[in-house]
Amino acid sequence: MSIKNVEYGLEKIFTGAQDFLPLLGTDYVEFYVGNAKQAAHYYKTAFGFQSLAYAGLETGMRDRTSYVLQQQKIKLVFTTALNSNSAIGEHVKKHGDGVKVIALWVDDARAAFAETTRRGAKPFMEPTVESDAHGQVVRSGIYTYGETVHVFVERKEYQGAFLPGFKPWISDYNPAPLGLKFIDHMVGNVGWGEMNTWVKWYEEVMGFVNFLSFDDSQIHTEYSALMSKVMSNGNGRIKFPINEPAKGKKRSQIEEYLDFYESPGVQHIAVATDNIIETVTALKARGVEFLPPPPQSYYNEVPARLGIHKSEFKENIETLQALSILVDADEEGYLLQIFTKPVEDRPTLFFEIIQRMGARGFGAGNFKALFESIEREQALRGTL
């Protein structure tokens, strides 16, 4: 049987997940930023997102303005405050630009709120019906780590561009999309000793399952270490690895993140592509910066790392090396991945581009090479 690009349907693949919500997928990710107009322009230009919707003064919004972008199944929202007396502005002042909302698509936002708050979630937004000429949306929300929130979105009775209060954003500037398909996973960084607390929270409050774990004996370099556990809902569409720092000779990337974000938060967003070579080539041409490549010895070891999947490996290793793309394999296939440098001024949020050829892992074989690459960047910043 040949290896194919991994797609996640609605069938249950992780039997340990209780899945009482259930979740249909990621609806949108909302960033609180200092300048939404410029942020939206960057993601259109550099990442190939398309204009979808807008809300602001012209649509009756008095306290904020939001630009919504889409590429295939990914929706990103960039929101900025319109005055100084704003929780949005305070969020940006404390954290810099960053992810505030991970919105999850559900059939019943009222039930999702009732179930999660009954299990101990802190409410962010009571179930709220929003409507316009295109129908109605029900949204509710709960807090997760730090100031990050999950908003449950029920939109089965809505045919509008995005949400009530938004109008379609028609733009003359439409750079071509770059093959980004859906959000594969989103990683949260939490503080010292907090990982297991949040693992338990996702198990008990959200009905997720911890299907992969890595400790500091697996994730370490000469200088730094971290621990990580991967949480998933039953169908695998929503995957949240949770990282915490571990003791090392120097400061880990997780500590650097916590210092500059000033609380737990979203460290990176991994987006899937069916052709990582084409996608990364185009991203580089548009100015997206990636981490520096691992040494030659890393690429010499790729055939051995592929193991039984070597015969089905389609890509040219020299091409991957020229683009600094990493390779790993598990029992089910192989994956290709690459990480951007931080996309904000603070060394906080970055993106991962991933192509899964059968593999459902997270590149454990790449951890050392990846973290050494990050450490070289930290050394330049004086934060190692």
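Highest mean packing comes first when the peptides 324-336, 118-130 are listed by Cβ atoms within 10 Å, giving 324-336, 118-130.
Ordering SER252, SER86, SER311, SER373 from the fewest to the most neighbouring beta carbons within 10 Å gives SER311, SER86, SER373, SER252. Under the combined filter of DSSP loop state and at most 16 neighbouring Cβ atoms within 10 Å, region 1-104 retains these GluC sites (Glu not before Pro): GLU7, GLU11. Once C-alpha pairs closer than 8 Å and six or more residues apart are averaged by separation and normalised to the residue number of the chain, the relative contact order reads 18 percent. Mark the label point 7 Å from the Cα of THR128 along Cα→Cβ and return the residues of region 23-59 whose backbone N is within less than 11 Å of it. Those under the cut-off are none; the list is empty.
The string of couplings for region 237-247 from the Karplus curve (6.51, -1.76, 1.60, θ = phi - 60°) is 6, 10, 10, 10, x, 10, 9, 9, x, 9, 5 Hz, one whole number per residue in order, with x for Gly and Pro.
The angle separating the long axis of helix 367-381 from the principal Cα axis of greatest extent in the chain is about 70 degrees. Separation of the alpha carbons by more than 18 angstrom is noted, of LYS75/LYS167; LYS44/LYS100; LYS4/LYS181; LYS200/LYS239; LYS100/LYS122; LYS284/LYS310, for LYS44/LYS100; LYS284/LYS310. 3J(HN,Hα) along region 331-343, derived from phi through the Karplus expression 6.51 cos²θ - 1.76 cosθ + 1.60 where θ = phi - 60°, amounts to 4, 8, x, 10, 9, 10, 8, 8, 10, 6, 5, x, 9 Hz, with x in place of Gly and Pro. The structure shown yields volume of the Cα convex hull per residue in Å³, and of the options (i) 138; (ii) 206; (iii) 130 that calculated value carries the label (i). Relative to one another, the C-alpha centroids of region 256-315 and region 24-97 are positioned 26 Å apart.
The chymotrypsin sites (Phe, Trp or Tyr not before Pro) of region 204-289 include none that meets both conditions, a loop assignment by DSSP and at most 10 other Cβ atoms within 10 Å of the site Cβ.
Every number here is computed from the coordinates shown, using simple stated rules; none is lab data. Quantities reported herein were computed from a predicted structural model and do not represent experimental measurements. Glycine gets a Cβ as well: all are built from the backbone with ideal geometry, and neighbour counts include every protein chain shown.
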